Amino acid sequence: MKTSDWWKQSVVYQIYPKSFNDSNGDGIGDIQGIIEKLDYLKKLGIDVIWLSPIYDSPQDDNGYDIRDYRKIFTQYGDMESFDRLLQEVHARNMKLVMDLVVNHTSDEHEWFEASRASKDSPYRDYYFWRDEENTNNWGSIFGGPAWQLDEETGEYYLHLFSKKQPDLNWENANLRQDVYDMMTFWLDKGIDGFRMDVINFISKNTDFPDGPVKNGDLYGDPENNFCNGPRVHEFLREMNREVLGKYDIMTVGEMPGASIEDAQIYTDPKNREVDMIFTFEHMNLDSDGENKWDLKTLYLPDLKKNMAAWQNGLQETGWNSLYWNNHDQPRIVSRFGNDGAYRVRSAKMLATCLHMMKGTPYIYQGEEIGMTNVHFNDLADYQDIETLNMYRDRIEQGFSHDAIMKSIYTKGRDNARTPFQWDSSENAGFTTGTPWLKVNPRYVEINSEAALQDDDSIFYYYQTLIRLRKEIPAVVYGSFKLLLPKHEAIFAYERQLDGEKLVTICNFSAEAQRIEDEQLLTDIARGQVLITNLEDTDSNVLEAYQAIVYKI
Ligand code: TEU
Ligand code: CA
């Protein structure tokens, strides 16, 4: 049973196991490698680890294609190493949240192998099978059509992601029960919750209508027929009743396409669905339209407006997650900061802007040391299926190689997946072997060993932000109010709780910005600086990428 809202006061650290730390020299991160770095995470001060999938998988999508939910991927370790990890995490008074991927399985999962074998299989209906005339014109998120012909029975199956990730049919009650049994298996081992992969996709419009084919697209746009479907709240409430509600855990649903209104329903505690969700809206503001590969320069007032809307929208009901990074997003210091002359300062500014908001903050591995995007000149150095399929499709659509590479450099998921940079030794101390994905060459200057030896590092700045969240109730529970909504370079807001007021002001630009707002000037003139990324805090001018938090 939920006994407290510990997850509202927590800071979560996401580990992408393949790229975190390799303990046995095979070039792939592993569970023993994570165990060896738990003291580093404890030193940072985080409370919860979210571990991306470690289950048995053919690794078509780096583990988001699960072949056996109750087996550990061999190159990560085995169940004994998992049990040791959980024990070591708990021994340090931290919690472990696992990744739940149940919108789809791997096509090598035994359910799918039984399902594809015969139309009469009891597992046939665990997936979506249609004869050709009843498929539709949707595209897969990873390129190509969303329906794949299977020779065995001459029918097509739906896969919103890769063809090796067939979508599960949640309309089937036996499937749902099998999922709940699997979740119970993991919760009974003592894990502390789940991050739920595209969980708002589990209810779809199963009429599968064709979508409009937009200019130049190869496939139809599914619009909202693939997510937030008619039974999504019913399924989540059933999942909560059957499993989640029996444990004192944390749940966060990854929900592309969910609006603030949807999130109010998903996260209202009275509904007993999930505790919080990951929105994608603020991560789509530097895309020209729906497609992330079509680039657009971020206009800061758009970001301020969107994040303030989410802060205010979940102010009374529900709860926000707060993130800039994860394993699907490019590195924030390269994306919304400045990974050149102002790398350290802008990384601290971005951290300040996020961590002083209301909600549970998520730190993605390497964000705490200001790891940057990577720039491999050779397409062959990129490994992400989403990137490689997009390259193939866009060449077919007539895009130039250079234009496509620019999109990859800016938005490719491999930016987040280059091996963690532990030190300046070969392969950044990630492996003594050949890393599965090349290390970002900037590891020589950007690594955690250097950060730990530098009192002024981004690491210690994150450590302070995490500590402030523990010490000041207004950071966790205070109200939120956006300030200077129209300013094109300053992101400023205030938090208030029981008469205590905090003001956060962040300069998102490389130019100094003078503050003109009288009320703000009055407040900060009498405020006490809680944290800043630059020593001089001349109260009227914000230097390039300067951030200051005042206690008024
Ligand atoms: O991501 C969901 C999702 O929509 C992403 O594919 C995202 O839109 C895209 O990657 C942006 O570039 C989840 C996992 O986080 C992702 O790693 C998996 O590839 C995907 O689901 C399928 O499991
Ligand atoms: Ca290894």
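Since every read-out is calculated from the coordinates, none of them should be taken as a lab result. This one's a predicted model, so the numbers in the text were calculated from it and none came from an experiment. Virtual Cβ from ideal backbone geometry, glycine too; neighbours counted across all protein chains shown.
Data overview
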{"quantity": "Region 319-343, residues that are in contact with a Leu (Cβ under 7 Å, 6 or more places away or on another chain) and within 15 Å of Glu511 (Cα to Cα)", "calculated": "Phe336, Gly337"}
{"quantity": "Strands (runs of 3 or more DSSP E) contained in region 1-101 and holding at least 2 residues out of contact with any Leu (no Cβ under 9 Å at 6 or more places or on another chain) and farther than 28 Å from Val476 by Cβ", "calculated": "68-72"}
{"quantity": "Boolean, Tyr64 is among the aromatic types (Phe, Trp, Tyr), surrounded by 21 or more Cβ atoms within 10 Å (Cβ to Cβ), closer than 26 Å to His109 by Cβ and more than 16 Å from ligand 2 (Cβ to nearest atom)", "calculated": "yes"}
{"quantity": "Selection from region 457-502 of residues that are among the polar types (S, T, N, Q), touching a residue at least 40 places away in the same chain (Cβ under 8 Å) and surrounded by fewer than 19 Cβ atoms within 10 Å (Cβ to Cβ)", "calculated": "Gln463, Thr464, Ser479"}
{"quantity": "Looking only at region 303-315, and only at residues there that are touching a helix residue (DSSP H, G or I) at 6+ places or on another chain (Cβ under 9 Å) and surrounded by fewer than 20 Cβ atoms within 10 Å (Cβ to Cβ), the one that is nearest to Leu285 (Cα to Cα)", "calculated": "Leu303"}
{"quantity": "Spans of helices (runs of 4 or more DSSP H) in region 284-380 with at least 1 residues over 30 Å from Leu38 (Cα atoms) and charged (D, E, K, R)", "calculated": "300-313"}
{"quantity": "Condition broken by Pro330, with the remaining ones in (1) within 16 Å of ligand 1 (Cβ to nearest atom); (2) in contact (Cβ under 8 Å) with a residue 60 or more places away in the chain; (3) surrounded by fewer than 24 Cβ atoms within 10 Å (Cβ to Cβ) satisfied", "calculated": "(3)"}
{"quantity": "For Asn415: the one exception among (1) within 16 Å of ligand 2 (Cβ to nearest atom); (2) touching a residue at least 40 places away in the same chain (Cβ under 8 Å); (3) not small (Gly, Ala, Ser)", "calculated": "(1)"}
{"quantity": "Residue match in region 238-257 (condition: out of contact with any strand residue (DSSP E or B) (no Cβ under 6 Å at 6 or more places or on another chain), among the polar types (S, T, N, Q) and within 16 Å of ligand 1 (Cβ to nearest atom))", "calculated": "no"}
{"quantity": "Subset of region 184-204 [part of a loop (DSSP other than H, G, I, E, B), within 20 Å of Val232 (Cβ to Cβ) and in contact with a helix residue (DSSP H, G or I) (Cβ under 7 Å, 6 or more places away or on another chain)]", "calculated": "Ile202, Ser203"}
{"quantity": "Test result for Asn326, within 20 Å of Gln546 (Cα to Cα) and polar (S, T, N, Q)", "calculated": "no"}
{"quantity": "Those residues of region 258-303 which are of a type in the set (D, E, K, R), within 16 Å of ligand 1 (Cβ to nearest atom), out of contact with any Ser or Thr (no Cβ under 7 Å at 6 or more places or on another chain) and free of Cβ contacts under 8 Å to residues at least 60 places away in the same chain, in sequence order", "calculated": "Glu281, Asp288"}
{"quantity": "Which listed residue, of Lys358, Lys406, is more than 16 Å from the chain's Cα centre (by Cα) and either buried (at least 24 other Cβ atoms within 10 Å of the Cβ) or away from ligand 1 (no atom under 16 Å from the Cβ) (or both)", "calculated": "Lys358"}
{"quantity": "Unique match (being within 15 Å of ligand 1 (Cβ to nearest atom) and more than 17 Å from Met182 (Cα to Cα)) among Asn93, Asn62, Asn103", "calculated": "Asn62"}
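Residue-by-condition table, conditions (1) over 30 Å from Ala146 (Cβ atoms); (2) not hydrophobic (A, V, I, L, M, F, W, C):
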position: Val11; (1), (2): yes, no
position: Trp50; (1), (2): no, no
position: Gly63; (1), (2): no, yes
position: Gly77; (1), (2): yes, yes
